[in-house]
1. Being surrounded by 10 or more Cβ atoms within 10 Å (Cβ to Cβ), closer than 18 Å to residue 63 by Cα and not assigned by TED's automatic domain parsing to the domain that holds residue 63 narrows it down to one of 14, 21, 43, so name that one.
2. Are any residues in the range 24-36 surrounded by fewer than 10 Cβ atoms within 10 Å (Cβ to Cβ) and either within 17 Å of residue 68 (Cα to Cα) or in the same structural domain as residue 67 (by TED's automatic domain parsing) (or both), and if so, which ones?
3. Name the residue, out of 19, 69, 32, that is free of Cβ contacts under 8 Å to residues at least 12 places away in the same chain and under 14 Å from the mean Cα position of the chain (by Cα).
């Protein structure tokens with residue numbers, strides 16, 4: 001994996017983000033799209049939801065929901 005060091009201002013914007021982050025160069029060309037790691041609260045909420053009704057999703061279904069930005 002390649003590491004890229006970013007300034008604190010950009011790092012803080014990423015930490016505060018609520019969704020995908022599009023990285024672009026100085027010409028506006030998309031370099032990539034990333035998401036920040038989930039917070040502890042988000043992980044706990046996901047665990048609670050997963051155990052609530054027993055409904056399970058395949059890995060492909062999870063990836064599709066993330067890619068499509070589906071919020072339930």
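The values are calculated or read from the model by the stated rules, or taken from the named source; none is laboratory data. What you see is a predicted model, and the numbers here were worked out from it, not measured in a lab. Positions of Cβ are backbone-derived with ideal geometry, glycine not excepted, and every protein chain shown enters the neighbour counts.
1. Numbers: 14 fails: closer than 18 Å to residue 63 by Cα; 43 fails: not assigned by TED's automatic domain parsing to the domain that holds residue 63.
None of the other options fit; the residue is 21.
2. 32
3. Numbers: 19 fails: free of Cβ contacts under 8 Å to residues at least 12 places away in the same chain; 69 fails: free of Cβ contacts under 8 Å to residues at least 12 places away in the same chain.
Checking each option against the conditions leaves just 32.
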